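Worksheet for the structure shown next.
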Amino acid sequence: MIDVVSSMMVFLVLLAFMVTWALNRISVLRIRKRVSQTQEIREIMQHTLDQSSNIVLKLDLRRQHGINLHGHLLPEEGMGFKESLQYIHPDDQHIYKDFVSRLFHGETKTDECAFRWNFSGKEENGKRKNEWRWLHNRGIAEFGNGEHQPPTTIFCTMTDETGLRKEEEEEARLTDKYRKMFEQSVIGLAFYSKEGKLLASNQKMREILKFQTEEDWYYYNKSLYEMPAFQNTINQQNVSDLYFCTKTIVIERGVNCYSELRLHPIYDENGELYYITLTIRDVTQERELYLQNKQNDLDMRRANEAIQQYETELQYLMETCNMRVFRTSFSKRECYFYKQLGAPEKTMDFEELKRHFIDSPFRQGLEEPEKYFNVPQTTLTHMRPFFHEGEELQWNIIDSAPYFDEYGRLEGSYGVIRNVNELIEKQERLKEETERANDSGRLKSVFMANMTHEIRTPLNSIVGFSDVLPMLSTPEEKQEIIRVIMNNCDMLLRLINDILAISSLDTGGIHIEPRLVDFAKSFDDICESLKERVQTPGVEFIKENPYMTLETIVDNGRLQQVITNFVTNAVKYTHQGHIKVGYRYENQGIYIYCEDTGDGIPKEAQKKIFERFVKLNDYIQGTGLGLSICKAIADGCKGQIGVISEGKDKGSTFWIWVPADIKTERRLDN
């Protein structure tokens, strides 16, 4: 029994030992595993700390002393609490003290704060240079074993956030800058959501659209797509850049102005509408200024056109009236002449200017111009020409007026010099024409008296011999009386023709009607008729016609009238010798001549022989109109007329040339 009990006891002891050993072994393995895991975690944490810029400190609250667990913020031997405060920015020391106080008094087990730590240590010029860096501190308090015991240790993890702080400060600065730019912009700016709801607006936008408050409900509750300016222009499914000017009217807010609107959509990287920006600029004043400038430009253009017109008229006046503007300077003793507006045409000093005046008040005035030209002057003077070479004197009218400086001192004179030489000559010619008209009146009176006598003579002969004709018995006597009557009839007819011709001259000139004619045959016919008028014994009538046929376009009737007058004059003044009539084609025209051996024409009378009512011999019957009619015919045909005579008793040759084109010709010598 005892052995059984003993065996049982041994077994139980052995079993307990084995269980104890197994449990111990399991515990050892677990501890090793945990130690291994802890070591791995420690290595991971250490590696993580090495890779990061974090600093880990251990603050012993009892000793008020801190050491580095990771990093090198503190010296190797650590640093006391009071000493560490010297490295904290004075403005941030209270932050650090409050942080430690909260953890020490158990207000919280974890806490954090941010302060600036001086990382300097370098000395420059004997002074320590401060380098403040921002540290973000996270602290965990470690408490003792007793209940309600204060913490004994604070573990702090610090992160250098200086760069982040600078970025935040820069971002804040830029944000503030852009906010100021947004608010202080000279144009209205607003941001809308993609749904068209107003998100933000600047001060200028609120001024233009007359916001009642900064967040006026009318604008913040009204969609951009509902605004009148954009209703028919954009839609939410298709928003694109838009720029236009319009009149903006918002009746609810009393807005009535001309504005410049610009709409710009902002899309994200996926092409989805993100925001809509709207700018508005009040251009009412600009528009009014533009309209005013436009009106000013129009007025300016009209003024310039008027000035240009005035300048053109003045230039035309100066050119057509042979007029120039002058300006004198008494200080320089010079005179400037202007033909056009701009640079002077000519400049001359007073000494040269005086040499142009012969005897004029201007000449004496140039000796003492301050006394003579201090009042307006107008003078007609006979002087040498200013603007071209020559010694012939010319008449000029000079108008001058003084001009003064701002103090009332006489500086010089200006005015106009106008050449009136042609006007004076026209006045002289007018005087001559007046005298000639008076003479013409007298000549007409003489003509009327002569006409009465001239007409009465053939009429008396016709009437007298007609009464005698029935009383004659022999044919020879009757034939003689009939011849006398016919001659007087012919004379009367010529008188009437001359009167009609001169009448046509007085009422508008000779009418020329060129027609195609065989001038050679026409010339023969007129000569056959005219040779009967040569009845004086000892006078031979000679005809010279070099053509058998000469077809040309002329006024044949007028040329026959000229030939008739030439021959009639020759018959009157030729008492012996011959009267020769002929023509020839030369210089693309017909040259007709009538040569006689009569009384001739004095040299002094040849210039006026073709004037009206001129008779070289008042005792010879005639009206004195024939040659003036011939000259009128020559002028009407655009031809020429003249006379050749060596003087009294030398005979004369009257000629006329008129332009003509030959169509057909055949000369006698062919």
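Of note:
- Placing pseudo-labels 7 Å out from each Cα toward the beta carbon at Ile140 and Tyr290 gives an inter-label distance of 7.1 nm.
- Of all aspartates and glutamates in the structure, those lying under 17 Å Cα to Cα from Lys332, and not within fewer than 8 positions of it along the same chain, are Asp349, Glu351, Glu352, Glu367, Glu368, Glu370, Asp405, Glu411.
- Those GluC sites (Glu not before Pro) in segment 63-123 that DSSP places in a loop and that have at most 16 other beta carbons within 10 Å: Glu76, Glu77, Glu107
- Computed from the C-beta positions of Asp297 and Lys426, the FRET efficiency with R₀ = 45 Å rounds to 0.45.
- Reach of Lys194 by Cα under 18 Å, taken over aspartates and glutamates that are not fewer than 8 positions away in the same chain: Glu226, Asp241, Asp268, Glu269, Glu272
- Our estimate of slack between Glu540 and Thr246, defined as 0.36 nm per intervening residue step minus the Cα-Cα distance, is 95.2 nm.
- For Ser120, distant residues with modelled amide H under 5 Å away: Glu131
- Spin-label model, Gln212 to Met471: label points 7 Å out along the Cα-to-beta-carbon direction sit 13.9 nm apart.
- Here the extension length gained between Ile67 and Lys478 equals 129.7 nm, from 0.36 nm per residue of separation less the Cα-Cα distance.
- Using R0 = 25 Å, the C-beta based FRET efficiency linking Gln93 and Val56 works out to 0.70.
- Under 20 Å from the Cα of Lys631 - aspartates and glutamates, other chains or at least 8 residues apart: Glu433, Asp498, Asp506, Glu513, Asp555, Glu586, Glu595, Asp596, Glu604, Glu611
- Annotation: extensible slack from Lys332 through Ile187 equals 46.2 nm (criterion: 0.36 nm per residue apart, minus Cα-Cα distance).
- Cut-off 16 Å (backbone N to label point 7 Å along Cα→Cβ of Thr312), residues of segment 337-365: 341
- Fraction of accessible area attributable to carbon and sulfur, segment 177-295 (%, probe 1.4 Å): 49 percent
- Segment 168-276: GluC sites (Glu not before Pro) in DSSP coil with no more than 11 other Cβ atoms inside 10 Å: Glu195, Glu214, Glu269, Glu272
- Measuring against 32 Å, Cα to Cα, the residue pairs Lys97/Lys180; Lys180/Lys247; Lys166/Lys222; Lys58/Lys129 contain Lys97/Lys180; Lys166/Lys222 as the ones spanning a longer distance.
- The calculated FRET efficiency for the pair Asn374 and Asn438, based on their C-beta separation and a Förster distance of 35 Å, comes to about 0.15.
- Under the combined filter of DSSP loop state and at most 16 neighbouring Cβ atoms within 10 Å, segment 383-427 retains these chymotrypsin sites (Phe, Trp or Tyr not before Pro): Phe387, Tyr407.
The values are calculated or read from the model by the stated rules, or taken from the named source; none is laboratory data. Not measured: the values here are computed from a predicted model. Using ideal geometry, Cβ is built from the backbone for each residue, glycine included, and neighbour counts are taken over all protein chains shown. For the accessible areas, the whole protein counts, side chains as well, though only heavy atoms, and no ligand, DNA or RNA atoms are used. Shrake-Rupley method; radii C 1.70, N 1.55, O 1.52, S 1.80 Å.
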